Amino acid sequence: MFVDFRPDPDLYPFESRWCETDAGTMHYVDEGRGPVLLFCHGTPTWSFLYRRIIAELRARYRCIAVDNLGFGLSERPAGCGYTIPELSSALGRLVDRLGLDDFVVVGHDWGGPIALDVAVERADRVRGVVLANTTYGPNRAFSKRLFSAAMSSRFAQRQILEKNLMIDRILVSELSRVLARRELEHYRAVQSTPSARVALAVMPREIRDADSFLAGLESAVPAALGRKPALAIWGMRDPVFRPHAHLPQLRRDFAGIEVVEIAQAGHAVQEFAPGEFAGAIARRFPVAGD
């Protein structure tokens, strides 16, 4: 199934495109020309998260922003488990179908490990890495594992599916002070029914269930990508991916990584500081002639 929603062209002024994968049909936007930036979102967001960044960069870059299966305007295919390995496999198929080469992956939240897994397997085609408020190793912190267990309970799963908990209680609580109502509605509208929210309900379980996948990625990333040009853009007020817990790993695993700290930004750093986000990418990965 697909959601019945058309974004407001004033807020999301992009042409929708579609890619068939073995698991389902993915929605994406492909704007501009130049060096390729592949934008990958996490939960509970979609490519709408990157709208202002794409609008700023598409004059000089080819900006591709995907919706993971089960999110945004992408299909909610029957039989899909929406696990992180499944979502990564689908993204990899899209990358190959588009024939992307010399591209920069940009990953946020679960989009970090999803994009990095794709990049590890295609390291010879990757120009660089941008990570924002994410991790790519097992979630070992007790608080995260407790959150995973609580949100995987029958009661919490019902709240996610029936009451849209991930949007109305978690996302809106952070972004209501920086987004207009109609912007918030774009996050709600793509998760408007219980059947559209199945992937949202899977993500908290993946904090524990994806341990093996993430452990493999934690070992593979430094070897395959550690010497690529890298950039971290971090919302320093993020209670989920606290900078002191995650930035040291990035500095260890990526030689010469540049870190941009956004002091007043929370988890969804793209919504708090889109101009700074876009500017950091442009500085780290300049276009020839700039």
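Given the residues Ala196, Ala201, Ala149, which is the only one that is over 19 Å from the mean Cα position of the chain (by Cα), in contact (Cβ under 8 Å) with a residue 40 or more places away in the chain and not in a strand (DSSP E or B)?
It is Ala149.
Are any of the residues in the stretch 134-155 in contact with a strand residue (DSSP E or B) (Cβ under 6 Å, 6 or more places away or on another chain), closer than 27 Å to Pro243 by Cβ and surrounded by 15 or more Cβ atoms within 10 Å (Cβ to Cβ)?
Yes: the stretch 134-155 contains one or more residues that are in contact with a strand residue (DSSP E or B) (Cβ under 6 Å, 6 or more places away or on another chain), closer than 27 Å to Pro243 by Cβ and surrounded by 15 or more Cβ atoms within 10 Å (Cβ to Cβ).
Which is small (Gly, Ala, Ser), within 18 Å of Tyr82 (Cβ to Cβ) and surrounded by 19 or more Cβ atoms within 10 Å (Cβ to Cβ), of Ala268, Ala196, Ala230, Ala273?
Ala196 is the lone residue from the list that is small (Gly, Ala, Ser), within 18 Å of Tyr82 (Cβ to Cβ) and surrounded by 19 or more Cβ atoms within 10 Å (Cβ to Cβ).
Of all residues in the stretch 242-265, which are over 29 Å from Asp124 (Cβ atoms), assigned to a loop (DSSP other than H, G, I, E, B) and open to solvent by less than 20 Å² (accessible area, probe 1.4 Å)?
Ala265
Determine the pairs where a residue that is in contact (Cβ under 8 Å) with a residue 40 or more places away in the chain, located within the stretch 242-254, has a partner that is among the hydrophobic types (A, V, I, L, M, F, W, C) and buried (at least 18 other Cβ atoms within 10 Å of the Cβ) with Cβ atoms under 6 Å apart, the partner being 6 or more residues away or on another chain.
So the pair list comes out as Leu250/Ala232; Leu250/Ile257; Phe254/Ala230.
For the stretch 247-277, which positions are in contact with an Asp or Glu (Cβ under 9 Å, 6 or more places away or on another chain) and farther than 23 Å from Glu56 by Cα?
Leu247, Gln249, Asp253
State all residues of the stretch 76-104 that are in contact with a Lys or Arg (Cβ under 7 Å, 6 or more places away or on another chain) and open to solvent by 50 Å² or more (accessible area, probe 1.4 Å); if no residue qualifies, say none.
Matches in the stretch 76-104: Asp101, Asp102.
Which pairs do you get when a residue that is surrounded by 21 or more Cβ atoms within 10 Å (Cβ to Cβ), found in the stretch 49-71, comes within reach of a residue that is part of a loop (DSSP other than H, G, I, E, B) and of a type in the set (Asp, Glu), reach meaning Cβ atoms under 7 angstrom, with the pair 6+ apart or on two chains?
Leu69/Glu75
The values are calculated or read from the model by the stated rules, or taken from the named source; none is laboratory data. Values in this document were obtained by computation on a predicted structure and should not be read as measured data. When we count neighbours, we look across all protein chains shown, and the Cβ atoms used for this are built from the backbone with ideal geometry, even at glycine. The accessibility values were calculated without ligands, DNA or RNA, using every heavy atom of the protein model including side chains. Shrake-Rupley method; radii C 1.70, N 1.55, O 1.52, S 1.80 Å.
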